[in-house]
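Each remark here refers to the structure printed beneath this line.
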Amino acid sequence: MLGGLGARPVHGDVLDRVSLIAGMRGCDVVYHVAGINAFCLPDPEPMFRTSVEGARLVVEAAARAGVQRIVYTSSAATLGERAGTTGDERSEHRGWFLSNYERSRYEAELTATAAAQAHAVELVCVNPASVQGPGRTRGTARLLLDLLTGRLPMIVDSRLSVVDVVDCAAGHLLAEARGRPGERYVLCGASMTTREAVALLSEVGGADIKVRFVPPRLALAAGAGGEAWGRLRGRRPQICRELVRTLVHGHAYDGSKAERELGLRYTPIRESLRRTLDWYAEHGYLTRTSQGTAG
């Protein structure tokens, strides 16, 4: 696929310094987008190694290969905004972590920034909210699909923030062209409550979505129960306390700095959802529709 777009794929490993240097030689810019986005992992060490150690190795390899500029994909989760506030690039981290994922991304961003300063490499950081849109079917997109097909009968009463996948890609390109070295840019096109999100999905999809909104205390109890069930079965649980903590905390982000400084224009949320639902239907992901009224 990449070859058909004019790119020349090169095999490598984010933890293999030699392959990184070889792949970067002759390049002017490196986009470091590798990472692991996962919750409820029995052993989070591989995630930390890939994110944190990988960030350091990528920056060091770029310096060795003569690359002048790196666009580093972090996460809006690193903002660590306090509950009920809107996070932006100036937010002071709350001082504790909702999940191993959040901590791994936070430590990785610090590592990448420090390595870039030490090796005199320009690094621009982009911090996307939850990326949604055509082609996305895993991660948080799985929750969206389950909600649309009636496989998610309950949802936490909270807040969420999203960015269209096309806008996310555009934000990366603009960060390379216009971003200031050492700066971070939050990419977020819309923030809303989960109740607003369900109502909007019902409106755009043309059918009422029936779902129960779970209070935080009950959701946290379900997370603990999911962990216990996973241990009994010897499998990674689908729901756990760190996932529920993240959902209960919720996220609202301000992506206006990317608009002001990079010139990014966000896709209206209704248009983004329409494109996403059309893609799901075209590719056979929407096989049944929930009926009834969201409750």
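Rule-based calculations on the coordinates, nothing more; no lab input. For clarity, every value in this text was computed on a predicted model and none was experimentally measured. With ideal geometry, Cβ positions are generated from the backbone for all residues, glycine too; neighbour counts draw on all protein chains shown.
Net length available on complete extension from R64 to D43 is 4.3 nm, with 0.36 nm assigned per residue and the Cα-Cα distance removed. When only the Cβ of Lys, Arg, Asp and Glu is charged (+1, +1, -1, -1), the dipole of the stretch 149-254 relative to its Cα centre reaches about 700 debye. Stretching the chain fully between C27 and A281 yields a gain of 87.5 nm (0.36 nm per residue, less the alpha carbon separation). So for the stretch 9-275, taking the charge dipole from beta-carbon charges (+1 Lys/Arg, -1 Asp/Glu), which of A38, L57, G230 sits furthest toward the positive end? The listed residue farthest towards the positive side: G230.
The charge dipole of the chain, taken about the Cα centre with unit charges on the Cβ atoms of Lys, Arg (+1) and Asp, Glu (-1), comes to about 660 debye, rounded to the nearest 20.
Along the stretch 40-47 the Karplus relation, 6.51 cos²θ - 1.76 cosθ + 1.60 evaluated at θ = phi - 60°, assigns HN-Hα couplings of 6, 6, x, 10, x, 4, x, 5 Hz to successive residues, with x for each Gly and Pro. Using every pair of separate Cα atoms, the Kirkwood estimate puts the hydrodynamic radius of the chain at 20.3 angstrom. Rounded to whole numbers, the Karplus 3J(HN,Hα) couplings from phi for the stretch 144-153 are 4, 5, 5, 5, 5, 9, x, 8, 10, x Hz, using 6.51 cos²θ - 1.76 cosθ + 1.60 with θ = phi - 60°, and x at Gly and Pro.
Sparsely packed loop sites in the stretch 1-92 (the GluC sites (Glu not before Pro) outside DSSP H, G, I, E and B with at most 13 other Cβ atoms within 10 Å) comprise E92. Each Lys or Arg adds one and each Asp or Glu takes one away; over the other residues whose Cβ falls under 15 Å from the Cβ of P44, this sums to -1.
Each peptide in 228-234, 34-40 gets a packing score, the mean of other Cβ atoms within 10 Å over its residues, and the list from highest to lowest is 34-40, 228-234. Amide H contacts of L187: N127, A129, each under 5 Å away and 5 or more positions distant or on a separate chain (H built 1.01 Å from N in the peptide plane; Pro and chain starts excluded).
Using a Förster distance of 30 Å, how high is the FRET efficiency between E196 and H11, based on the Cβ-Cβ distance and rounded to 0.05?
Numbers: r = 44 Å, r/R0 = 1.48.
According to the calculation, E is roughly 0.10.
Each residue of the stretch 252-267 was assigned a 3J(HN,Hα) from its phi angle through the Karplus expression (A = 6.51, B = -1.76, C = 1.60, θ = phi - 60°), giving 10, 10, 10, x, 6, 4, 5, 5, 5, 8, 9, x, 6, 10, 7, 6 Hz with x at Gly and Pro.
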